[in-house]
Number of protein chains: 2
Amino acid sequence: MPVSQNIYDRPDFFAAYDRLRRSTEGLGGAAEWPALRAMLPTLAGARVLDLGCGFGWFAAYAADAGAGTVLALDVSEKMLERARAINARPAVVYERADLESLTLPANAFDLAFSSLALHYIEALPRLLTEVAGALAPAARLVVSMEHPIYTAPRKPGWVQTPDGARAWALDGYFAEGPRQTDWLATGVVKHHRTLTSLLAMVAQAGFTIETFEEYRPSAVQLSERPDLAEELERPMFLLIGARKRPEEE
Amino acid sequence: MPVSQNIYDRPDFFAAYDRLRRSTEGLGGAAEWPALRAMLPTLAGARVLDLGCGFGWFAAYAADAGAGTVLALDVSEKMLERARAINARPAVVYERADLESLTLPANAFDLAFSSLALHYIEALPRLLTEVAGALAPAARLVVSMEHPIYTAPRKPGWVQTPDGARAWALDGYFAEGPRQTDWLATGVVKHHRTLTSLLAMVAQAGFTIETFEEYRPSAVQLSERPDLAEELERPMFLLIGARKRPEEE
């Protein structure tokens, strides 16, 4: 069974992560949050599972929106320590767990949520199946992850075209597997999968996909943060909303 | 209402099209055909609609597989003339139609098929809705089209990365709309849409998507045609299998 790399507890990664807008400003600092929020079911009374909770911004949001319980999991002790310090809520339990080998009780949650964690998981089909088993009938899965177009390249980045335009250098799309990148710290490993594979994994785990959305910055976001303009050239984040399928006969 | 560009009847385009493997060799010359064929329902007795039939290779295949009737539509008189000459079958009717403004009888078909035509259609939501209305309950839609990653760039093509590797120069992904390209002839217009938009259009027209597949060459194809190796770097064709949803209450 794969073991999570837990880069988050490395001082270089943690220090850099700690300076990101999404870390300091919470959900409001994450450009894709409004699109993800629009995919959420009613949280009042819901039993929520948060896979890769980081600093706990979503867990606290869910608790403040009336969630009955929130089980917020992360592999990083440092992340959990910060979450408990800045986003403690009576309804939230922060707990260390490795998503590569997680086991969960059956029929225990109404919503499984995950923000930008699943592209780090090698054993993703196993995790999705475990999560499906942990959800109540017709419960929801709402996740964001890096888009396959973003994870595919062997050396992710922009190139200049012969016209002098900026283009995303896409290669390796059908070469699924690990990608070592230098995001925030050197040697971070992501797992690239095609859209075909990702959608099939979600379906095979027992979900019906209801919403498929590639995050694009809004006009308001673009006027406030001109640096987001490059996000119009290629999709960076994939957002999926799904529902647990009824058991087949 | 948009009017189809009908590039196919232009002598320069038709002459170039006529030399393509998929034109001369039929379905066996289309690398994505095995993947598309695997998505087809049983054809025996089926009433089949072929949108953009070209030289009639699929229409003849469907007839030979026992389809009850095949209505094979194309905007190009030259294409239809060739189809009638080389792929005539008693069960097939070849008919001129503009997919931008097509109207169809209700509840008249068991399968709607389209190979590499829909990315030329400006009024795609209208067409999909018309097709859904023409299908019997639970009938199938099986289509291939150019992948949004392939249609997105303002100047489609490969670039060299700083390492000397070959990469697809992706830009313009969220800038939906027409793209003038020089495929086979100058000034061919395609309509770029994001995956998000395409999947939403199919769903909103009244379909449930059952299969989502990005064509990739098989190992056998790669050994027979080494030129297909570049198709591993980025997705070129999107294949969708869908089923007409039951009417909602």
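The values are calculated or read from the model by the stated rules, or taken from the named source; none is laboratory data. Model, not experiment: these values are computed from the prediction. Neighbour counts run over all protein chains shown; Cβ positions are idealised from the backbone, glycine included. Remember, those area values only see protein heavy atoms, side chains included, never the ligands or the DNA or RNA. Shrake-Rupley method; radii C 1.70, N 1.55, O 1.52, S 1.80 Å.
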- Message: Test of understanding: among B:A165, B:A139, B:A175, which residue is farther than 14 Å from B:L49 by Cβ, at pLDDT 95 or above and small (G, A, S)?
- Response: B:A175
- Task: Test A:T69 against the stated conditions and say whether it is polar (S, T, N, Q) and within 19 Å of A:E210 (Cβ to Cβ).
- Result: no
- Could you tell me whether segment A:118-128 includes any residue that is at the interface with another protein chain (Cβ under 9 Å from one of its Cβ atoms) and either open to solvent by less than 10 Å² (accessible area, probe 1.4 Å) or of a type in the set (A, V, I, L, M) (or both)? no
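Among the residues in segment B:68-88, are any farther than 25 Å from B:N6 by Cα and hydrophobic (A, V, I, L, M, F, W, C)?
Residues of segment B:68-88 farther than 25 Å from B:N6 by Cα: B:68-69.
Now restrict to residues that are hydrophobic (A, V, I, L, M, F, W, C): none.
Within segment B:68-88 (the criterion being farther than 25 Å from B:N6 by Cα and hydrophobic (A, V, I, L, M, F, W, C)), the answer is no, since none of the residues qualifies.
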- Filter pass, B:L198 being more than 9 Å from chain A (Cβ to nearest Cβ), touching a Leu at 6+ places or on another chain (Cβ under 6 Å) and among the aliphatic types (A, V, I, L, M): no
- Note on the structure: Selection from segment A:142-191 of residues within 9 Å of chain B (Cβ to nearest Cβ), in a loop (DSSP other than H, G, I, E, B) and either in contact with a Cys (Cβ under 8 Å, 6 or more places away or on another chain) or surrounded by 13 or more Cβ atoms within 10 Å (Cβ to Cβ) (or both) yields A:A152, A:P153, A:R154, A:K155, A:T161, A:A165, A:D171, A:G172, A:Y173, A:F174, A:A175
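Got a number for residues in segment A:1-44 being small (G, A, S) and in contact (Cβ under 8 Å) with a residue 24 or more places away in the chain? Full working, then the answer.
So in segment A:1-44, the residues small (G, A, S) come out as A:4, A:15-16, A:23, A:26, A:28-31, A:35, A:38, A:44.
Checking which are in contact (Cβ under 8 Å) with a residue 24 or more places away in the chain leaves us with A:4, A:16, A:23, A:26, A:30-31, A:35.
Number satisfying all stated conditions: 7.
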- Task: Collect the residues in segment B:47-81 that are farther than 21 Å from B:L118 by Cα and surrounded by fewer than 23 Cβ atoms within 10 Å (Cβ to Cβ), keeping them in residue-number order.
- Result: B:A63, B:D64, B:A65, B:G66, B:G68, B:T69, B:E81
- Positions within segment A:142-155 being small (G, A, S) and closer than 16 Å to A:L49 by Cα, in sequence order: A:S144
- Task: Tell me which residues, restricted to segment B:106-123, are more than 19 Å from B:P41 (Cβ to Cβ) and among the aromatic types (F, W, Y).
- Result: B:Y120
- Where in segment B:1-100 are there strands (runs of 3 or more DSSP E), lying wholly inside it, with at least 2 residues that are within 14 Å of the chain's Cα centre (by Cα) and not charged (D, E, K, R)? B:47-51, B:69-74
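Output the residue which, of all residues in segment A:199-235 that are of a type in the set (D, E, K, R) and under 30 Å from A:R245 (Cβ atoms), is surrounded by the most Cβ atoms within 10 Å (Cβ to Cβ). First the steps, then the outcome.
Within segment A:199-235, the first condition is being of a type in the set (D, E, K, R), and the residues that meet it are A:210, A:213-214, A:216, A:224-225, A:227, A:230-231, A:233-234.
Next, only the ones that are under 30 Å from A:R245 (Cβ atoms) stay: A:210, A:213-214, A:216.
Values: A:E210: 14, A:E213: 22, A:E214: 24, A:R216: 20.
Across segment A:199-235, the extreme among qualifying residues is A:E214.
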- Please specify each residue of segment A:105-141 satisfying the condition of being part of a loop (DSSP other than H, G, I, E, B), in contact (Cβ under 8 Å) with a residue 60 or more places away in the chain and in contact with a helix residue (DSSP H, G or I) (Cβ under 9 Å, 6 or more places away or on another chain). A:A108, A:L116, A:I121
